[in-house]
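What follows is calculated from the coordinates using simple rules that are stated; it is not laboratory data. Please read all numbers here as calculations on a predicted model, not as lab measurements. Please note: Cβ atoms are built from the backbone with ideal geometry, for glycine as well, and neighbour counts cover all protein chains shown.
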Amino acid sequence: MSAAPSGAAPPPAPWPRHAVVTGASRGLGLEIVDLLATAGTRTLGTARNAAALERALAGTGGGESSAEAVAGDLTDAGHRRRLRREVRDRFGGALDLLVLNASTLGPSPLPALLDLDPEDFTAALRTNLTEQLALVAALAPALRAGQGRIVAVSSDAAHGAYPGWGAYGASKIGLELIIRTLAAEEPELHPLIVDPGDLRTEMHQAAFPGESIDDRPLPAVTRPFWTWAFAQPPEAARGRRIRAQGDAWTLPDRAAPDAAGAS
Amino acid sequence: MSGVAARSYRPPGPPSGAAALAAATEPPEARGTPADGVRLQVVGDDGIATGTMRDLPEALRAGDLLVANRSAVRKAALDAEVVAGPHAGERRLLHLAQRYGAGVWLVELRPDEATPGPCRLPLGTRLTVHGRILRLWGTYPGLPRLRFAGADDDLASIAEREGRIVRYGHLPRAFGPEAYRTVFGDRPGSAEMASAGRPFTPDLLRRLRQHGVDVATVTLDAGLSGLDAPDDDAELVVPEEPFEVDAAAAAAVHAALARGRRVVAIGTGAARALESAWADQRLRPVRGWTRKVLRPGTASGLLSGIVTGLHGPEATHLRLLASLVGSDRVAAAYRAAVAARLRSHEFGDVQLLWRPRGPGARGALR
Ligand SMILES: NC(=O)c1ccc[n+]([C@@H]2O[C@H](COP(=O)([O-])OP(=O)(O)OC[C@H]3O[C@@H](n4cnc5c(N)ncnc54)[C@H](OP(=O)(O)O)[C@@H]3O)[C@@H](O)[C@H]2O)c1
C-alpha cells in the first residue's frame, strides 16, 4: 500500500490522527479535508468522479501532506468495503473521525412534492439516509478501534418545510434521527449533527439555477467551526446538533447529564 | 441564514470623539489613585454626570443586579522564533488569542507590542516557543492577522510559566499580573483583562451590597480585541469566544427581571455572554462558544445598562454599546468624555451607560 506521507504531526488528541471524509472533491467536503490535512491529520477523501477528486486533493494540506483519494460512490457496497480495507491498510484499522458530508440535492430545479418523480425521492433517501447508515456500519469497527467520532452534515432544510426541498429535507431529518438514535445506542461512536448553513457551492447553485448566490459565503467561513469541533473531546458534543454559522456553539450544561437533543 | 441580512447592515458613524481620548498609560495605583478612584461617567435620561467609581452606589437602586465576568486574564504573550525556511531565525511576539482545544490555538504573530503586523509567515511555518514547536496551519477567515496553529504540547502551562500579559503600544512599559486582577476574576481564560471589573474593590462591593445591589457572575473568555473592524462592517468578523451562564446566574437574572428590576452588565464580555444565552424571552443556563455580534437592533433588551471602560475607535466596542443604549447616547457620552478628559483603555476611567427609558425602548433600539 502507499507509504505514509511524511506530513506534519497533528496536534495531540482529541484532534483526530486518522479521518475519512465523503464528498471531498469540492464544496464543503474539500474545505474540511484541506483543514484536516493542513493540521496534520491523515485523511482519506471520497467522491464519484476520480479525476476531479485526485485533482482537488493534490492541492490540499499546503503542500506538506495532502489528503489521499479513494474514489467511489457511497451507495455502492463495493466502495464501502474498499474504504474499510484502506482504513485497515493505511491507518492500521483505527479511525478517529468519519465525516458524512457527501449527499445529493435531487433534481434541479427542485420539484414540488406532487411533481416529484418517486424514483428521485427514493434515490435521495438512499444516498442521504440509508446508505449513510451502511457506511457507518462498514466503518464502525475501525471507529471503535480509534477515538471514534462521526459528524453527519445536515441542513436547515431538515426542519424548514421549504417548498421544493421536501425530498431532500425528508432525507436529512431522517439522517438526523438516525444520528441521534446512534448516539443513544452506540455512545462510543460519538455521533454529532452539523448544519453548515448556506454556502456558495455547486449544490447550492443547483438549488437556485440561474440565480446569483454570490451573497452566500464560501465554505471557508466554517473553518473556525471545524477547528473547534475537532479539538473538542468527542464526548463533549455527542448527540448534539450544532449550526456552524449560528450565533453560539452550545454544549451540554456541566451539571446536566449528556442530553442528546436538537437545539 | 440570518447572516445575510446582518451583513448588509451599516453601522452608525463612530463617535468622532473616540479617537481624541487619551489612553491611560499605567494603572491608577501607579499614579497614587486606588482602583476605585478612577472617574465614573454616568449617562442616563437625566443627562451626564462625572464623579469617581466610589459614587457608583448612588447611581444604582436597591434591587438592581450587576452581572460581572469571572474570566481572569491569563499570560498569553510569548517570544517565538521561526525555525526554518526563508524567515528562519526571525523573532516574533506570539499572542495566544484563544485555545480551541489541546494544542490547538488561534494566535497572532506581530513584530512587537506596538505593531500589529502583518504576520507575513506562510502557512506551514514552524516556530520554537520555549523549546516547543508551534506550526501555523490556517488563517482565520476574514482576519488574516490571526492564524490557527498546532503545538506538540499544550502551550497553556508554558505560557503560564514563561509568558507575559498581552500589552499593546499605548502602554510604554510592562506591569505585573497584580495590575490585571479583578475581584471577580477566578477562572483564568482571557487573553485580555475584563477591564470594566477592575475598578470594583472589596470595599466598593461591600457598600453596593449594603445599598441592596446584588452581583451575579457569568464567564466569557476574551480573545484579542479587534483592530480589523472596517468602517463599513459589511465584512465585520468577530472570532468566537468561550462563555458560560450557569443556573445560579440565570436564576438571579430571572428573579430581577420578574420584579421589574434593572440588570446591568459589568463589561462587554458579561453583556455578550448574557445576550448569547438569551432565547425565547428567557435566559438559558448554557455554556459553549459565542459568535454573536451585538450591533444596533440585535440586543434583547434584557440589560438596562452597562459599566464599561472607554476605548479607541474600535468599531466592535462602540457598536456593542450602541446596540444596548442606542448610538445617540454613545455619541453623546464620548463627546462628554473628551470634554472631561476621561482616559481610555484597560487602566482608564469608566462609564455607566443607561438604556433610554420610554415606550418601545426594550429591544427596539436602532
Ligand atoms: N451548500 C449549502 O448551502 C449547504 C447547506 C446545508 C447543508 N449542506 C450539506 O453540505 C454537504 C456538502 O454539500 P456541498 O454544498 O459542498 O455539495 P457539493 O459542492 O455538490 O459537493 C458534493 C460532494 O459530494 C460528492 N458526492 C456526491 N454524491 C456522492 C456519492 N453518491 N458518493 C460519493 N460522493 C458523492 C461530490 O463529488 P462527485 O459528484 O464526484 O461524487 C462532491 O465532492 C451536503 O451534505 C449538503 O447537504 C450544504
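A prolate overall shape is assigned to region A:71-141, the ratio a/c of its alpha-carbon gyration tensor axes (a ≥ b ≥ c) being 1.5 or greater and a/b exceeding b/c. In chain A, inverting the average of 1/r over every pair of distinct C-alpha atoms gives 18.5 Å as the Kirkwood radius. Relative contact order of chain B, taken over Cα pairs closer than 8 Å and 6 or more residues apart, is 25 percent.
Peptide A:242-252: average number of partner chain Cβ atoms within 10 Å per residue?
Working: counts 2, 3, 1, 4, 7, 11, 14, 6, 10, 6, 3.
Shielding by partners across A:242-252 averages 6.
Inter-label distance, A:Leu133 to A:Ala161: 2.5 nm, where each label sits 7 Å from its Cα along the C-beta direction. The stretch between B:Asp112 and B:Phe175 holds 21.0 nm of extra length on full extension. This uses 0.36 nm per residue minus the Cα-Cα distance.
From other protein chains only, count the Cβ atoms within 10 Å of every residue's Cβ in B:143-153, then give the mean.
Values: counts 1, 0, 0, 1, 0, 8, 2, 11, 2, 5, 2.
The shielding value for this peptide is 3.
With Cα atoms defining each centre, region A:22-37 and region A:90-111 are spaced 10 Å apart in the structure.
Provide, as a two-decimal number, the C-alpha radius of gyration of the protein assembly as shown over 2.2 N^0.38 Å, N being how many residues it has.
In units of the 2.2 N^0.38 Å rule of thumb, it is 1.01.
Top mean-square fluctuation among B:Val237, B:Val67, B:Val307, Gaussian network model of chain B, C-alpha springs under 10 Å? For chain B, modelled as a Gaussian network with Cα springs under 10 Å, the answer is B:Val237. Once all Cα-Cα distances of region A:84-213 are split into 5 Å bins that start at 0, what whole-number percent is in each one? Calculated over all Cα pairs of region A:84-213, the distribution is 2, 10, 19, 21, 17, 13, 9, 6, 3, 0 percent.
Once you have the Cα-Cα distance between B:Gln281 and B:Thr139, take 0.36 nm times their residue separation minus that, and quote the gain in nm to one decimal.
Details: separation 142, 0.36 × 142 = 51.12 nm, distance 3.66 nm.
Length difference between fully extended and current span is 47.5 nm.
Among B:Ser300, B:Ser276, B:Ser157, the residue with the largest mean-square fluctuation in a Gaussian network model of chain B, with springs joining Cα atoms closer than 10 Å, is B:Ser157.
Quick check: net charge around A:Ala145, other residues with Cβ under 11 Å of its Cβ, Lys/Arg +1 and Asp/Glu -1?
Details: positive: A:Arg88, A:Arg144; negative: A:Asp96, A:Glu188.
Net charge around A:Ala145: 0.
Using 0.36 nm per residue, how much length does the chain from B:Arg161 to B:Arg259 gain when fully extended, once their Cα-Cα distance is taken away?
Working: separation 98, 0.36 × 98 = 35.28 nm, distance 4.69 nm.
Here the segment from B:Arg161 to B:Arg259 would lengthen by 30.6 nm.
Normalised size of region A:6-46, defined as Cα radius of gyration per 2.2 N^0.38 Å with N residues, equals 1.09. Can you give the log10 of the normalised intensity I(q)/I(0) at q = 0.11, 0.16, 0.18, 0.22 Å⁻¹, computed with Debye over equal Cα scatterers of region A:13-137? With no solvent term, the Cα-only Debye profile gives -0.39, -0.76, -0.92, -1.25.
The rule of thumb for compact globular proteins, 2.2 N^0.38 Å, goes into the C-alpha radius of gyration of region B:82-161 1.00 times. The alpha-carbon atoms of region B:240-360 define a convex hull whose volume equals 113 cubic angstrom per residue. Take the Cβ atoms of B:His130 and B:Thr52, set R0 to 45 Å, and the FRET efficiency comes out at 0.60.
Spin-label pair B:Ala88-B:Asp203: with each label point 7 Å from Cα along the Cα-Cβ axis, the two points sit 5.9 nm from one another.
Net charge dipole, region A:108-263: roughly 580 debye, given to the nearest 20, about the Cα centre with Cβ charges of +1 for Lys and Arg and -1 for Asp and Glu. The Rg/Rh ratio for chain B is 0.96, where Rg is the radius of gyration of the alpha carbons and Rh is the Kirkwood radius.
Where does the charge balance sit around B:Ala339 when Lys and Arg score +1, Asp and Glu -1, over other residues with C-beta under 14 Å from its C-beta? Once all neighbours under 14 Å are counted, the net charge is +3. Working from Cα pairs under 8 Å separated by at least six residues, relative contact order for chain A is 17 percent. Build a GNM of chain A with springs between Cα atoms under 10 Å apart, and of A:His190, A:His159, A:His79 the one that fluctuates most is A:His159.
Show me the three semi-axes of the equivalent ellipsoid for region A:144-231, from the C-alpha gyration tensor (sqrt of 5 times each eigenvalue), largest first, rounded to whole Å.
Values: eigenvalues 148, 66, 13 Å².
Working from the Cα gyration tensor, I get semi-axes of 27, 18, 8 Å.
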